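Undergrad: Structure provided below as C-alpha cells; questions to follow.
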Amino acid sequence: MAPSTKAQWAQPPSKEELERRNTVNINKETVTNTVSTDFPGHFPGEDHAFSIDRFQSGFDITFHQNDQFHASFSLVGIDASLANAFRRILIAEIPTLAIENVFITNNTSVIQDEVLAHRLGLIPFKGGREGLRNFLRFKKGEDAQDYDTVQLDLNVTCTVNTDASPNETDPLKAYHNAHVYAKDITFTPQGRQEQYFSGEDAIVPVNPDILIAKMRPRQTIELSMYMNLGVGSDHSKFSPVATASYRLMPTIKITKPIIGADAQKFANCFPEGVIGLEKVSKKEAGQRGSGYEGHAGELKAVVVDPMRDTVSRECLRHEEFEGKVQLGRRRDHFIFSVESTGQWDSDELFLEAVKKLKQKCKKLEDQVDNMVR
Amino acid sequence: MPGRTKKDEPTAQDTNMEDAPPSAQPEAEEVDTEDQEEVQEEEEIEPQRVRILPGSTDTAASFEFVDEGHTVGNALRYIIMKNPDVEFCAYSIPHPSEPKMNLRIQTYDGLAVDALKKGLADLQDICDVVTDEFTTKKDQFNAEHGIVR
Amino acid sequence: MSREGYQVPTASAGSGAVARGSTGMQDTRSSIMSYLCGDCGGSVHLGKDSTVACPHCAGRVLYKERTKRMVQFEAR
C-alpha cells in the first residue's frame with residue numbers, strides 16, 4: 001500500500017523549512033542540497049502528489065525583456081526537469097529552414113567549395129510566417145516539391161571599378177563585388193511558394209551583411225542552393241536559437257550585519273546594483289542584539305537585486321565576511337534567456353517548445369494505448 | 001491480421017531463416033504497404049516506438065522508448081514520481097549510440113502502465129498551464145512596454 | 001553528382017573522353033592542356049614536352065582549370 005499522505009501528528013512545514021528545501025546552497029568550495037525533494041513519501045505525513053490546480057497556483061512567469069532577438073523571463077514554481085525539457089526542445093527540436101544542398105557551377109574564389117557550402121549552410125534566413133509554419137514540410141524522398149524545398153541562387157563576379165582612382169587601396173572601392181554578402185543571395189519562388197513568400201515575406205537572410213567570401217577581379221562564384229526544413233538535433237544550422245539557456249535565481253542572505261568600510265568592500269564583491277548601502281537607523285542601533293548597537297548613521301550592506309548577481313562567490317573569499325553571508329540559488333526559479341536567430345520571434349519560440357512537448361506526450365500516449373491493446 | 005496468419009500456415013513447417021519474422025511482434029510495416037500511397041498524402045502512420053520490456057509484471061514494468069531522450073525521459077520521470085501510487089520511477093539511456101530510453105515504474109497500487117498514462121496526461125496539462133500563463137504575461141508585458149509584433 | 005567523374009579540362013573540347021584511361025599510351029590530340037597562369041591570370045596551352053612557363057609573362061606557376069561540371073555539396 002502507498003504510504004498514507006496525511007499523518008495526524010505531522011506539522012505542516014514551517015516557512016523557514018520550505019525556504020531551506022527550496023534553496024541550493026552555494027558554499028565556498030561545494031554546492032549542497034541540489035536535489036528536489038517534492039515527491040510523495042519523501043517527508044512523512046506530507047502530501048506532494050501532483051495536481052494541476054496546485055501546479056497552477058504555484059506557477060508564475062515574469063517577463064524581463066521581450067525583443068525579437070532576445071527574450072528573458074522567469075519561470076517560478078516549476079521543476080528543473082520540465083524547465084530543462086523546454087530548453088532542450090528550444091535548441092534541438094523546433095524545425096527551421098536552412099540551406100542543405102549547394103550546387104556549385106563555378107567558384108574561382110580563394111575559398112574552397114566545401115568551406116563555402118558550409119558557410120552558406122550556417123546563414124539564418126527569414127520569410128513569411130504562414131509559409132514557414134504551415135506550408136513548408138519536412139522533405140521526404142528524393143524529389144523536391146514546392147512545399148519542401150526552397151531554391152536560392154548566388155551569382156557574383158568581381159570586376160575592376162573603372163571609376164575608382166588607380167591608386168585606390170581599399171578593395172571595396174577599387175573593385176565591384178570584392179566582398180560577397182548574404183544580401184547577394186537571390187530567392188526564386190517555385191510553384192505555390194509565390195503566394196507565401198512574395199514581397200515582404202520573401203525568403204531573405206536575417207542579416208544582409210553576413211560576409212560569405214572575399215574576391216578579386218575575374219574571380220567568380222556561381223551556385224544554387226536548396227533549403228529544407230530540419231531540426232537542431234540533426235545539425236546546429238537548423239537550431240532556431242543562438243542560445244537558449246536558464247540560470248537559477250541567486251539568493252544572498254546577510255546573516256550578520258556588515259557595517260562601515262566592510263559594507264563597501266562587500267558591495268564591491270558583487271556586480272553593480274546587487275548590494276546597496278543604507279544608513280543604520282537609530283531604531284536599529286537602539287535595538288539590543290541586533291548587531292547594530294552604537295552604529296547609528298553608519299552604512300550597512302543590504303541586498304538590493306540578487307538577480308543581477310553572477311554568483312562569483314568572491315565574498316566568500318574574504319575573512320571578514322565569514323559567517324555573515326549565505327549564498328544560494330532558488331531551486332524553482334528559472335531565469336530563461338532565449339536568443340532567436342531570426343526565423344522565429346524569441347517569445348514565439350518558447351510557446352512552440354511547450355507546444356512541442358505537449359505534442360510529444362500526446363504521441364506517446366497514443367503509442368502506449370497501442371502497446372497495451 | 002487474421003488473414004495473414006492463415007496464409008503463412010502451409011509454409012510454417014519449414015520456414016527459411018531469412019523468411020522468418022525477426023520477432024514475435026507483428027510486422028507493422030508490411031501491413032500498410034497496400035495503402036502507402038494514400039498514407040503518404042495524409043499523416044504518415046508512426047511505427048510503434050514504445051514497448052514493455054520482457055520480465056515486466058503489472059505493477060513493476062520497464063518500458064522502452066525508441067527515439068526519445070533526456071527531454072521526455074526526465075520530465076516523465078519527475079511527473080511519475082509525483083504520483084503517490086508509484087513506489088519507484090527512473091529512466092536511463094542504456095547506450096548513447098542507440099536512440100533508446102528505458103523507463104522503469106514500480107507501483108504500490110494499480111498498473112504501471114496506468115502510472116505511465118497518467119504521467120503523460122499530467123505533462124500535457126502542465127504544458128497547457130504554462131502556455132496560458134506565458135501568453136497572458138507576454139501580452140501584459142508587451143502592452144506595458146508598447147511592443148507590437 | 002559525384003566528384004569521381006572528374007573530367008580533365010582540355011583545350012580541344014570532347015577529346016577528354018578519348019584520353020581517359022590511357023595513361024601509358026599518349027594521344028596527341030589530347031596532349032595539349034590548358035592552364036591558368038598564377039602571375040598574369042592568362043590561359044596557357046601546354047603540350048607534353050613544352051616548358052612549364054607562361055608565354056605572356058614567363059610565370060612558372062600554372063594552375064589547372066576548374067572542372068566545368070556542376071558539383072554538389074552538403075552544407076554541413
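Undergrad: Considering only residues that are part of a strand (DSSP E or B) and farther than 30 Å from residue A:45 by Cβ, look in region B:45-89 and name the one that is farthest from the other protein chains (Cβ to nearest Cβ). Walk me through it before giving the result.
TA: Of region B:45-89, the ones part of a strand (DSSP E or B) are B:50-52, B:60-66, B:86-89.
Going one step further and asking which of them are farther than 30 Å from residue A:45 by Cβ, we end up with B:50-52, B:62-66.
Numbers: B:50: 4, B:51: 6, B:52: 7, B:62: 13, B:63: 8, B:64: 10, B:65: 7, B:66: 10 Å.
Selected residue: B:62.
Undergrad: Criterion first (surrounded by fewer than 17 Cβ atoms within 10 Å (Cβ to Cβ), in a helix (DSSP H, G or I) and under 23 Å from the mean Cα position of the chain (by Cα)) does residue A:133 satisfy it?
TA: On the way: surrounded by fewer than 17 Cβ atoms within 10 Å (Cβ to Cβ): yes; in a helix (DSSP H, G or I): yes; under 23 Å from the mean Cα position of the chain (by Cα): yes.
It is true that residue A:133 is surrounded by fewer than 17 Cβ atoms within 10 Å (Cβ to Cβ), in a helix (DSSP H, G or I) and under 23 Å from the mean Cα position of the chain (by Cα).
Undergrad: Filter region B:91-112 for residues that are under 22 Å from residue B:48 (Cα atoms) and surrounded by fewer than 20 Cβ atoms within 10 Å (Cβ to Cβ) and give the result. Break it down into steps so the answer makes sense when it comes.
TA: The first filter runs over region B:91-112 and keeps only residues under 22 Å from residue B:48 (Cα atoms), leaving B:91-105, B:111-112.
Across region B:91-112, the qualifying residues are B:92, B:93, B:94, B:95, B:96, B:97, B:98, B:99, B:100, B:102, B:104, B:111.
Residue by residue, here is whether (1) surrounded by 13 or more Cβ atoms within 10 Å (Cβ to Cβ); (2) of a type in the set (Phe, Trp, Tyr); (3) within 30 Å of residue A:234 (Cβ to Cβ) holds:
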position	(1), (2), (3)
C:32	yes, no, no
C:38	yes, no, no
C:55	yes, no, no
C:61	no, no, no
C:68	no, no, no
C:72	yes, no, yes
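Undergrad: Does residue A:90 fit the bill of being more than 10 Å from every other protein chain (Cβ to nearest Cβ) and modelled with pLDDT of 95 or more?
TA: Here the answer is yes, as residue A:90 does meet what is asked.
Undergrad: Among the residues of region A:157-207, write down those that are touching a Cys at 6+ places or on another chain (Cβ under 8 Å) and of a type in the set (S, T, N, Q). Reasoning before the result, please.
TA: Just the residues of region A:157-207 that are touching a Cys at 6+ places or on another chain (Cβ under 8 Å), to begin with: A:175-178.
Scanning region A:157-207 gives a single hit, A:177.
Undergrad: Starting from residues that are surrounded by 17 or more Cβ atoms within 10 Å (Cβ to Cβ) and more than 7 Å from chain A (Cβ to nearest Cβ), keep the ones in region B:115-146 and report whichever is nearest to residue A:352 (Cα to Cα).
TA: Filtering region B:115-146 for residues that are surrounded by 17 or more Cβ atoms within 10 Å (Cβ to Cβ) and more than 7 Å from chain A (Cβ to nearest Cβ), the one nearest to residue A:352 (Cα to Cα) comes out as B:119.
Undergrad: Go through region A:312-336 and give me each residue that's under 30 Å from residue A:84 (Cβ atoms) and crowded, with 18+ Cβ neighbours inside 10 Å.
TA: Going through region A:312-336, the residues under 30 Å from residue A:84 (Cβ atoms) turn out to be A:312-316, A:325-336.
Those that are under 30 Å from residue A:84 (Cβ atoms) and crowded, with 18+ Cβ neighbours inside 10 Å: A:315, A:325, A:327, A:328, A:329, A:330, A:331, A:332, A:333, A:334, A:335, A:336.
Undergrad: Restricting to region A:260-290, and then to whatever is of a type in the set (A, V, I, L, M) and part of a helix (DSSP H, G or I), can you tell me which residue is surrounded by the most Cβ atoms within 10 Å (Cβ to Cβ)? Reasoning before the result, please.
TA: Looking only at region A:260-290, we keep the residues that are of a type in the set (A, V, I, L, M), and these are A:261, A:263, A:267, A:274-275, A:277, A:280, A:285.
From the residues that got through so far, the ones that are part of a helix (DSSP H, G or I) too are A:261, A:263, A:267, A:285.
Working: A:261: 11, A:263: 22, A:267: 20, A:285: 16.
The selected residue is A:263.
Undergrad: To continue, here is another question. Within region B:112-149, how many residues are touching a residue at least 24 places away in the same chain (Cβ under 8 Å) and in contact with a Lys or Arg (Cβ under 9 Å, 6 or more places away or on another chain)?
TA: Selection size over region B:112-149: 6.
Undergrad: Further question: Scanning region A:320-373 for residues that are acidic (Asp, Glu), more than 9 Å from chain B (Cβ to nearest Cβ) and part of a helix (DSSP H, G or I), which turns out farthest from the chain's Cα centre (by Cα)? Show your work before the answer.
TA: Narrowing region A:320-373 to residues acidic (Asp, Glu): A:320, A:322, A:332, A:339, A:345, A:347-348, A:352, A:365-366, A:369.
With the extra rule that they be more than 9 Å from chain B (Cβ to nearest Cβ), the set shrinks to A:320, A:322, A:332, A:339, A:352.
Narrowing the set further to residues that are part of a helix (DSSP H, G or I) leaves A:320, A:352.
Numbers: A:320: 37, A:352: 14 Å.
Looking at residues that are acidic (Asp, Glu), more than 9 Å from chain B (Cβ to nearest Cβ) and part of a helix (DSSP H, G or I), I get A:320.
Undergrad: When the residues of region A:42-59 are narrowed to those that are free of Cβ contacts under 8 Å to residues at least 40 places away in the same chain and within 7 Å of chain B (Cβ to nearest Cβ), which ends up nearest to the chain's Cα centre (by Cα)?
TA: It comes out as A:59.
Undergrad: Name, by its number, the condition in (1) free of Cβ contacts under 8 Å to residues at least 24 places away in the same chain; (2) more than 14 Å from chain B (Cβ to nearest Cβ) that does not hold for residue A:317.
TA: (1)
Undergrad: Then there is this: Assuming residue B:85 fulfils every condition listed in (1) more than 30 Å from residue A:137 (Cβ to Cβ); (2) surrounded by fewer than 18 Cβ atoms within 10 Å (Cβ to Cβ); (3) of a type in the set (D, E, K, R) apart from one, which condition is it?
TA: It is condition (2) that residue B:85 fails.
Undergrad: Counting only residues that are within 7 Å of another protein chain (Cβ to nearest Cβ) and surrounded by 18 or more Cβ atoms within 10 Å (Cβ to Cβ), which one in region A:93-105 is farthest from residue B:71 (Cα to Cα)?
TA: Initially, region A:93-105 is screened for residues within 7 Å of another protein chain (Cβ to nearest Cβ), giving A:99-105.
Imposing the further condition that a residue be surrounded by 18 or more Cβ atoms within 10 Å (Cβ to Cβ) reduces the set to A:99-102, A:104.
Values: A:99: 27, A:100: 26, A:101: 30, A:102: 33, A:104: 39 Å.
Here the answer is A:104.
The values are calculated or read from the model by the stated rules, or taken from the named source; none is laboratory data. Because the structure is predicted, anything quoted here is derived from the model rather than measured. So basically every Cβ, Gly included, is an ideal-geometry build from the backbone, and we count neighbours across all protein chains shown.
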